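Worksheet: the structure to be examined is printed underneath.
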Amino acid sequence: MLPLAARDKKDSDTNKQDGDSIGFVASKNATPKEIGLPLYPGSRRHKDDSDGSSSIQLGAWGGSSGFKLLVLKMDSDASPDKVTAFYRKALSKYWKVLNCSDAAEKNKSSDGLDCESDHADKDETVLKSGTKDAKHVVSIKSNGRGSVYDLVYVEAKGSLSSK
């Protein structure tokens, strides 16, 4: 992580108690552990033709509000169906798993999570689990010889979560 806001140690301790701390994180490193999901066995980091990173971590907070976004893009030799089954099970520990690529499935979890903002492309599966304030999203599609998949974690706290 590359924190961009530095604080004096004394002020930091006081601010933690008062909820007045502010900060920002931007990094090209996100791990499966930070995202809260395992990697599909045998998968490897995705490599684009560009200089882009296969992962990103962004966050900002101020007082009792903030957000966190972590993304990790991976490749696997396994079929999209196998990767989908693996992540359907992995996501189930966070609550009901929604399949946002199924037009017939317009279910909501009891914590307000829905598929309104996550639409699948053609031949893509998008699974989602968690709560409105802390959600895990996995998108899986064929790459011609296996699968490419994205692991995403999004968290919003305070006034940011109601927007």
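The values are calculated or read from the model by the stated rules, or taken from the named source; none is laboratory data. Since the structure is predicted, the reported quantities are computational estimates derived from the model, not experimental observations. When we count neighbours, we look across all protein chains shown, and the Cβ atoms used for this are built from the backbone with ideal geometry, even at glycine.
Within the stretch 64-72, does at least one residue satisfy the condition of being among the basic types (K, R) and at pLDDT 95 or above?
Yes, the stretch 64-72 contains at least one residue that is among the basic types (K, R) and at pLDDT 95 or above.
Would it be correct to say that L91 is part of a strand (DSSP E or B), more than 16 Å from V148 (Cβ to Cβ) and of a type in the set (A, V, I, L, M, F, W, C)?
no
Which ones in the stretch 37-56 are more than 18 Å from T84 (Cβ to Cβ) and not charged (D, E, K, R)?
Result: S50, G52, S53, S54, S55, I56.
Among (1) in a loop (DSSP other than H, G, I, E, B); (2) in contact (Cβ under 8 Å) with a residue 40 or more places away in the chain, where does Q57 come up short?
Only one criterion in (1) in a loop (DSSP other than H, G, I, E, B); (2) in contact (Cβ under 8 Å) with a residue 40 or more places away in the chain is unmet by Q57, namely (1).
Which one of A90, A78 is more than 26 Å from S117 (Cα to Cα), small (G, A, S) and either surrounded by 15 or more Cβ atoms within 10 Å (Cβ to Cβ) or modelled with pLDDT of 90 or more (or both)?
A78 is the lone residue from the list that is more than 26 Å from S117 (Cα to Cα), small (G, A, S) and either surrounded by 15 or more Cβ atoms within 10 Å (Cβ to Cβ) or modelled with pLDDT of 90 or more (or both).
When the residues of the stretch 41-54 are filtered to those that are assigned to a loop (DSSP other than H, G, I, E, B) and at pLDDT 80 or above, which remaining residue is surrounded by the most Cβ atoms within 10 Å (Cβ to Cβ)?
So the residue we want is S43.
Which one of S79, S147, S64, S117 is farther than 26 Å from P41 by Cβ and touching a residue at least 60 places away in the same chain (Cβ under 8 Å)?
Answer to the selection: S64.
Take the residues of the stretch 60-81 that are more than 18 Å from the chain's Cα centre (by Cα) and assigned to a strand (DSSP E or B): which is farthest from V137 (Cα to Cα)?
The extreme case among them is G62.
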